[in-house]
Amino acid sequence: MYRPFSSRHEPAESEAVLTSHLEDLRPQVVRIFAMVGEAIAGATHALLAGDRELAKLVVERDIEIDKLVDTVIDTTEYRLLNDATLGLDDRRHLLTLLRILPEVERNGDLAEHIARRAARGLGSEMSPRSRGLIERMGEVASTIWREATDVIIDGKLEATGAIEDIDDELDDLHVSLTAELTSGSMTLPVAVELALLARFYERFGDHCVNLARRQVGRGGAD
């Protein structure tokens, strides 16, 4: 059952990206993370329920996510270049924010790619087993996004280990769905589209791992 992502975040902790001196950026960043969470949950629900209107809404809202990301990036770059009152820690946090926002935007794009397949009615052509696997991938993707949000927004670094474990489950589901695609239970065009869907969910998890690593190490793999 699709439920809109609700923010659970309290004031930032010491390891959070947005320190007390940067709280003015917090509402926009929290909104971006919330919208991406809504997008992946909504796209999965639209796919499985055959809800083409919801699918189209997810596609449309990705444009808003992109605009919000661009706005925060512009504001962050301006602060870095022009705000002489910023301390070293604040500048470090702003640089981290600049590094993670494109990855956040890419996860929004992945949800949009799933929604586009939903809008074309792909869900009705899936085998029962592939539907179950996609449903679980959607649940796991929503869970890993919530954990990544806790790490980035609230600085809950203890969630990083859980993120890698959850990503392992997504990888396993990807393998299982790939095996189902070779069973011959669906037409070739549907199998090809499902292979792409599996890849979208798998990449969504990879981006969450990268986001957590950037927060912990102020770096990380792309």
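Cβ-Cβ distances below 8 Å connect the following pairs, each with a first residue in region 177-203 that is on the phi < 0 side of the Ramachandran plot, a second residue that is outside any helix (DSSP H, G or I) and surrounded by 20 or more Cβ atoms within 10 Å (Cβ to Cβ), and a separation of six or more residues or different chains: M186/M126; V190/M126; L194/M126.
Here E112 clears all of (1) crowded, with 16+ Cβ neighbours inside 10 Å; (2) more than 30 Å from D24 (Cα to Cα); (3) touching an Asp or Glu at 6+ places or on another chain (Cβ under 7 Å) except the condition numbered (2).
When A84 is tested against (1) loosely packed, with under 15 Cβ neighbours inside 10 Å; (2) in a helix (DSSP H, G or I); (3) without any contact (Cβ under 8 Å) to a residue 24 or more places away in the chain; (4) not aromatic (F, W, Y), only condition (2) is not met. Just so you know, in region 197-222 the residues that are at pLDDT 90 or above and among the charged types (D, E, K, R) include one that is farthest from G132 (Cα to Cα), and it is D206.
Of all the criteria given as (1) over 18 Å from A34 (Cβ atoms); (2) assigned to a helix (DSSP H, G or I), the one not satisfied by I152 is (1). Could you tell me whether any residue of region 33-51 is crowded, with 21+ Cβ neighbours inside 10 Å, among the acidic types (D, E), modelled with pLDDT of 95 or more and more than 13 Å from R116 (Cα to Cα)? Among the residues of region 33-51, at least one is crowded, with 21+ Cβ neighbours inside 10 Å, among the acidic types (D, E), modelled with pLDDT of 95 or more and more than 13 Å from R116 (Cα to Cα), which makes the answer yes. Among residues of region 52-71 being among the β-branched types (V, I, T) and within 20 Å of I40 (Cβ to Cβ), the one that is surrounded by the most Cβ atoms within 10 Å (Cβ to Cβ) is V58.
The values are calculated or read from the model by the stated rules, or taken from the named source; none is laboratory data. Since this is a predicted model, take the numbers as computed values, not measurements. Please note: Cβ atoms are built from the backbone with ideal geometry, for glycine as well, and neighbour counts cover all protein chains shown.
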